[in-house]
Amino acid sequence: MPEIFMPRLSDTMEEGTISRWLKREGDQIRRGDVLAEIETDKAVMELEAYEEGPLTRILVPEGGAVPIGAPVAVVGTGAGTETGTSTGTSTGAGAEAGAEPGQPARPPATPEPATPEPTAPEQAAPAQPSEPVSPIRLPSSPLSRRLASRHGIDITTLTGSGPGGRVIRADVEEAIARRDERPATTRTARTARPEAASPAEPTPRASRAEEKTPERAETVREGEEREIEKAEKAGDVEEVPLTAVRRITARRLIQSVQQAPHFYLTTMVDAEPLLAFRAEVNTRLGERGPRVTVTDLIVKACAIELREHPEVNASWADTRILRHRRVHIGIAVALDDGLIVPVVHDADVRTLTEIAREAHALADKARAGRLTLDELGGGTFTVSNLGPFGIDHFTAVINPPQAAILAVGAAQPQPVVRDGELAVGTMMALTLSIDHRVLDGATGAAFLTGLKELLQQPLRMVV
Amino acid sequence: MVANTPGPASSPEPGPAHGARSDVGAVRPPGASEDAEVLRGYYRQMALIRAFELRSAEMYARAKIGGYCHLNLGEEATVVGLMAALRPSDYLFAGYRVHGYALARGAEPGRVMAELFGRVTGMSGGRGGSMHLFDAGLRLLGGYGIVGGQLPPATGAALAIAYRGAPGPDSEAVMCLLGDGTTNIGAFHEALNLAAVWRLPIVYAIVNNQLGMGTPVEAASGEPELFRRGCSYRIPGERVDGNDVLAVRDAALALMESAREEHRPGLLEAVSYRIRGHSVVDPARYRSAEETQRVRDLDPLPAFRARLIEGGVLDQETAARIDDETERTVTAAIEFADTSPPPPVDTLFDGVYATPVPNVFTGLPGDPPPDGQTTVTTLGES
Amino acid sequence: MGRTTVGRTAEQTAEQAVTYRQALHDTLRAEMLRDEDVLLLGEEIGVFEGSYKITAGLLDEFGPRRVRDTPICEEGFVGAAIGAAMLGLRPVVEIMTINFSLLAIDQIVNHAAKMRAMFGGQVSVPMVIRTPGGGGQQLAATHSQNLEVFYAHVPGLKVVAPSTPADAKGLLASAVRDDDPVLFLENLALYNTKGVVPGGDHIVRIGTAAVAKEGSDLTLVAYSRAAVIAHDVARRLEDEGVSAEVIDLRSLRPLDRATVCASARKTGRAIVLEDDWLSYGIGAEIAATIAEGAFDYLDAPVRRVAAAEVPLPYAKPLELAALPDAAALTRVIREVLEATRFVPRRVPSSQG
Ligand SMILES: Cc1ncc(C[n+]2csc(CCOP(=O)(O)OP(=O)(O)O)c2C)c(N)n1
Ligand SMILES: [Mg+2]
């Protein structure tokens, strides 16, 4: 009986959360059916069936998170599976109680030889209980589960060292340390456990001193936790469980801030020509086309300017810098539970209306949680526009491994000196955050100045 | 004899060995009808109790005995007299001051001492200690440590007798011992009332040693003539001199007889005096020196001895020999107790239920649950 | 056995180390001096000076009007105290041991605990029942019990159980001044223990647990005698690099669940030590509280160390085997630490 595994649905995904099962136990599954919706670090994706047969068992309930490759369901009528299902879970009685009047209850769990009954299971389906079936659970302490989820560790991948194989805090801490060691080239390895201490093991005194470092880090965290606990105790807080998006966003932003040395360049753009141009385009497009937004114009401008300054269209890759031949621009979209960055691919070769159309579609999908892997991957540069939110000016955190991100403020009336005279203009702040490992100030400045000029003469974008 | 009701209608005809009853304080020579051997037997029992209790105090001081330890010192005449009125087929319920009764009822001194020592050979297997002596064979159905605790169960034992058999000379009966202070507890009144309305074969014997711990009877009882407390329930009550073994015996016999033959409850008050503190650890400072001296003068053991010598039943030499014998008996009892093992620790849970009960989630303190796992951690696993 | 060890002079203003017994005595006396409505009732509390000598000297000082020896009639005098309290007196009843409170349980549970609510709040019952519990003195099955859970179960009652002389003072003063019936649990094994007691008027609010010792690695929850054991064990563990936090409940009803949960959240490991039997006990209540209030913080199940479930036998070896002690607690602590792969922090050794 084939198992269905958590698929890999994004390049950075480590685990997926079942946000909704679209099929129930007992449903007949055909190849290509959508079984469930899965929330990854980036989006809500569809879990597609590659198998056929009845859905025998759901292993991960809604809300459950498992790593890539972990079984989430079983499809098929293999003998023994059924027995396991009915007796191993609490649904046996419920199934009978829930049977529709006049319809014979589903025969008890006698292991039927695999005679596929094409119709019976479908008939029986409504009689199935609607609650999800409890999954196989590895023994794990509540604390280890909480720590694991806080640190984005998939507990089911750990081997428990507690009694009866229980996963305990120590196991999770080791897993965190292991994971943190890998990218942590700038930091000394954490030695949370003696066995992880340096093999040189000089004198006991020295090793004790070594152990102090993580311990101090520990203390800071403990201090934080104490604060948190104080607030919790006082009933001053409400606990909001992390969604996958929020968790991954958090982790990646930390990674970015910790590892990419940011610096910032800001310039003010006279937005009047841009706004006028936008108005004109929209009037011309009328009913026929999409409404072009400032963001769309900026994406278009960036795409053009990135062609001019290929150094900026680059990524940091630890041992080298990668310059991208194609220009894929990510647009940061705020969701209730995190930030998501769908990508307009090959923005430099698209027309403004194409970009507009695509960007709007992506934003809608993002809000619906329906972005596909392709729509999320491959960005080489990102634009984040908080102008619509009334923000004058801000700095953005780089979306690694990209080299830069553009933060766009609101276009606002401001005193400007025009032709030696004080006048009221409409100004917009652009701030470029740059990974100093990839770019230097002058290169960034050249790009930003080019962008500014382009935006102030928007006609150049379309000619 | 003082009685608040006329004696039993048919005045009991005591057996040949039993004389008339005494008045409080009177010490009269043994009647001609008393069998000399029986009298010497009473003396032997009283001497045994005295020796046993004195050595018990010593053993307590030597930390061989733990917990509470209440002695019958000064009550020997009462103890022996009451027990002399019982047949082997009668049942006895007692308070926590119970060593002497067990001995007089015929318990092996070694087994009594072994219980005090907490040894497996003790009367209650070492589990009850001084206050909780029990011997089903002797129909000693327990010493009870909770004041008044014995009264309702004793009453129920009498109910069982009445339930199973008619009154008559061969009927069994119950004697329930209690202290003077115990007459103030609710259970006393409830038990007496039940015995009266159900007409049960039971004699409640108040051992009035004039103190309940440090409280004199007059301070604790609205009616200090305790035998009168039966009035409310129309239970005939009598008071006798508890220092006179024969008087106690005879009064008890009479009441036991009406209990047997008429299934009529009785209330007997035997007045003696507690020679020492409430328990071995009580220095009894609340008693004045004069009082203590007066008490010693009333000591029933030398008095009975003198009386027997005076009456020619006992000579000095025999008396000394008996005293020696009892000393040796008690020494042997101590040796027996001391060489007996304590109950093995792995029998801790034995005997708690009559039926096999998986009583214990854990064995010893902090033990994990029986399956060796601290908790069930796997859910939904088939 | 010598005479009472309770000193007669009790005017205590400065901090000093006194016994638990002395602290109780001094507090009773102070409360009687403070409030004419406070009177003492109980068996053997006057002439005999109390079975455990808590009331020594008080009859002499206050006379039989305020220090009343009662006959042996627990139901009667507890009930009488209830009635006196209904009229505004503040009786402090001594029940010789908690075992005998069973003879009064009807008055306590069906009457003292109910009156205020049942009569629409028109009457309160400001009384204290002082009574020692506990085994370990070879008093056998009926005289060695820890029945406080019977009372802690009952709404309408308050139950406090100090483990130190200071808390004995603070809680007794609170109990006497409280307008509700308070069962004040003492312990035979604690009477001779000593500790520093704050001078002057010292109050411990009923319903507050004490963090008797702070720690970070595991939480020990206990009360009364068991709290002393837990504290001792915790101190010893410190030398081994284990930092145990000791929560002394002090008050069983109301129960300070917040303090218990906060500690369990901090340490992730919790063990309850109690002198009582395991099933349906205070430990069960604490374990449930932690499960509800600190579940996500636990790295191991809450463990309970309690008395073996037998009527306590008289024989010393059996009694020792049945009662929880420091060794039993230590064993379970080690199990919990092992189960969570605890690595002791290094302890600066005294040898340098
Ligand atoms: C219900 C109960 N309350 C109090 C006690 C404590 N106590 C033990 S013996 C005793 C005095 C009993 O006096 P009394 O009935 O005269 O018997 P004696 O000790 O004189 O034989 C008391 C108050 C108890 N064991 N049980
Ligand atoms: Mg008495």
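The values are calculated or read from the model by the stated rules, or taken from the named source; none is laboratory data. Remember, it's a predicted structure, so these values are computed and weren't measured experimentally. Ideal geometry is used to build each Cβ from the backbone, glycine not excepted, and the neighbour counts take in all protein chains shown. For the accessible areas, the whole protein counts, side chains as well, though only heavy atoms, and no ligand, DNA or RNA atoms are used. Shrake-Rupley method; radii C 1.70, N 1.55, O 1.52, S 1.80 Å.
So how much accessible area does A:Val416 have, in Å² to the nearest 10, using a 1.4 Å probe?
Per-residue accessible area (A:Val416): approximately 20 Å².
Summing -39500 (n - 2.57) over the DSSP H runs of n ≥ 4 in chain C and dividing by its residue number, what mean residue ellipticity at 222 nm do you reach, to the nearest 500 deg cm²/dmol?
Numbers: 11 runs with 115 residues, N = 352.
Dividing the helical sum by the residues of chain C leaves -9500 deg cm²/dmol.
Work out the charge dipole of the stretch B:21-343 with +1 on the Cβ of Lys and Arg and -1 on the Cβ of Asp and Glu about the Cα centre, then indicate which of B:Ser272, B:Tyr163, B:Ser89 is farthest towards its positive end.
B:Tyr163
Please report the base-10 log of the normalised intensity I(q)/I(0) for the stretch C:17-197, using a Debye sum with one equal scatterer per alpha carbon and no solvent, at each q in 0.16 (1/Å).
Scattering profile of the stretch C:17-197, log10 relative to I(0): -0.91.
Just to be sure I understand the interface: list residues from the stretch B:122-165 that lose 40 Å² or more of accessible area between the chain on its own and the complete protein assembly, 1.4 Å probe.
B:Arg127, B:Ile146
Roughly how big is the A-C contact, given as buried accessible area in Å² (both sides, 1.4 Å probe, nearest 100)? Please list the in-between numbers first.
Values: alone 24710 and 15220 Å², together 38150 Å².
That pair hides around 1800 Å² of surface in total.
Let me know the charge dipole size of the stretch B:21-343 about its Cα centre in debye, to the nearest 20, where only the beta-carbon of Lys, Arg (+1) and Asp, Glu (-1) is charged.
Values: 34 positive and 41 negative charges, 153 e Å.
It comes to approximately 740 debye.
In the calculated pair distance distribution of the stretch C:210-339, what percentage of Cα-Cα distances lie above 25 Å? Walk me through the numbers on the way to the answer.
Numbers: 1486 of 8385 pairs.
Of all Cα-Cα pairs in the stretch C:210-339, 18 percent lie more than 25 Å apart.
Just checking the output field for C:137-147: average partner chain Cβ neighbours within 10 Å of each residue's Cβ? Show your work: numbers first, answer last.
Working: counts 3, 8, 7, 13, 6, 8, 8, 1, 0, 0, 0.
Neighbouring Cβ atoms belonging to other protein chains average 5 per residue here.
Which value, in nm² and rounded to one decimal, describes the direction-averaged projected area of the C-alpha convex hull of the stretch C:16-59?
Computed as one quarter of the Cα hull surface, the answer is 3.2 nm².
Taking every pair of alpha-carbon atoms in the stretch C:41-114, what share in percent sits in each 5 Å bin, from 0 to the bin with the longest distance?
3, 18, 27, 24, 17, 9, 2, 0
Which ³J(HN,Hα) values in Hz, rounded to whole numbers, follow from the phi angles of the stretch C:57-64 under the Karplus curve 6.51 cos²θ - 1.76 cosθ + 1.60, where θ = phi - 60° and Gly and Pro get x?
Per-residue couplings from phi come out as x, 6, 4, 4, 6, 9, x, x Hz.
Need the C-alpha centroid separation for the stretch A:265-341 versus the stretch A:51-67, integer Å.
Cα centroid of the stretch A:265-341 versus Cα centroid of the stretch A:51-67: 40 Å apart.
Projected onto the charge dipole of chain C (+1 at Lys/Arg Cβ, -1 at Asp/Glu Cβ, origin at the Cα centre), which of C:Thr19, C:Ala80, C:Cys261 gives the Cα projection farthest towards the positive end?
C:Cys261
Helix-only mean residue ellipticity at 222 nm, chain B, DSSP H runs n ≥ 4 weighted -39,500 (n - 2.57), per residue, nearest 500. What is it?
On the way: 11 runs with 144 residues, N = 382.
Here the helix-only value at 222 nm equals -12000 deg cm²/dmol.
State, in square angstrom and to the nearest 100, the accessible area buried between chains B and C, both chains counted, probe radius 1.4 Å.
Working: alone 17380 and 15220 Å², together 28920 Å².
What B and C bury together is about 3700 Å².
Quick one: plug the Kirkwood hydrodynamic radius of the stretch C:121-252 (C-alpha pairs) into Stokes-Einstein at 4 °C, 1.567 mPa s, and report D in µm²/s. The partial results should precede the final answer.
On the way: Rh = 15.7 Å.
My calculation gives 83 µm²/s for D.
Determine the shielding of peptide A:158-170 by partner chains: average, over its residues, the number of Cβ atoms on other chains within 10 angstrom of each Cβ.
Values: counts 0, 0, 1, 3, 8, 13, 8, 2, 10, 2, 7, 9, 5.
Per-residue shielding by partner chains comes out at 5.
Which whole number in µm²/s is D for chain C by Stokes-Einstein, with the Kirkwood Rh taken over Cα pairs at 10 °C and 1.306 mPa s? Mind showing how you got there, number by number?
On the way: Rh = 20.8 Å.
In µm²/s, the coefficient is 77.
Compute and list, largest first, the equivalent-ellipsoid semi-axes of the stretch B:125-203 from the alpha carbon gyration tensor, each √(5λ) rounded to a whole angstrom.
22, 18, 8
Can you send over the solvent-accessible area of B:Val38, 1.4 Å probe, protein chains only, in Å² to the nearest 10?
50
Round to the nearest 0.05 the FRET efficiency obtained for A:Val257 and A:Glu46 when R0 = 30 Å and r is the Cβ-Cβ distance.
Step by step, r from the Cβ atoms, then E = 0.40.
Sort A:318-324, C:44-50, A:360-366, C:221-227 for me by packing, meaning the mean count of neighbouring Cβ atoms within 10 Å per residue, highest on top.
Averaged packing, sorted descending, gives the order C:221-227, C:44-50, A:360-366, A:318-324.
Given H placed on each backbone N at 1.01 Å, which residues far from C:Gly42 in sequence or on other chains put an amide H within less than 5 Å of it?
Amide H neighbours of C:Gly42: C:Arg68, C:Thr70, C:Glu94.
Inside 10 Å of the C-beta atoms of C:63-69, what's the mean count of C-beta atoms belonging to other chains?
On the way: counts 0, 1, 0, 0, 0, 0, 5.
If you average over the peptide's residues, the count of other-chain Cβ atoms is 1.
Modelling each spin label as a point 7 Å along the Cα-to-Cβ direction, I'd like the B:Asp170/B:Arg62 distance in nm, to one decimal.
4.8
Summing Lys, Arg as +1 and Asp, Glu as -1, what charge do residues with Cβ under 10 Å from the Cβ of B:Arg111 carry, B:Arg111 excluded? Please list the in-between numbers first.
Numbers: positive: B:Arg119; negative: B:Glu108, B:Glu115, B:Asp135.
In short, -2.
Where only protein heavy atoms count, and the probe is 1.4 Å, what is the accessible area per residue for chain C in Å²?
Numbers: 12430 Å² over 352 residues.
Per-residue value: 35 Å².
State, to one decimal in nm, how far the label point of B:Val281 lies from the label point of B:Ala160, with both points 7 Å from Cα in the Cβ direction.
Using points 7 Å along Cα→Cβ, the separation is 3.4 nm.
Taking all pairs of different Cα atoms in chain B, averaging 1/r and flipping that mean, what Kirkwood radius in angstroms comes out?
On the way: mean 1/r = 0.0457 Å⁻¹.
Radius from the Kirkwood sum: 21.9 Å.
Computing the accessible area with a 1.4 Å probe over protein heavy atoms, can you report the carbon and sulfur percentage for the stretch A:371-462?
On the way: 2180 of 3860 Å².
Roughly 56 percent of what the probe reaches on the stretch A:371-462 is carbon or sulfur.
Taking a cut-off of 32 Å, what percent of all Cα-Cα pairs in the stretch A:261-461 are separated by more than that? Don't skip to the answer; put the middle values down first.
Values: 2479 of 20100 pairs.
For the stretch A:261-461, the share of Cα pairs beyond 32 Å comes to 12 percent.
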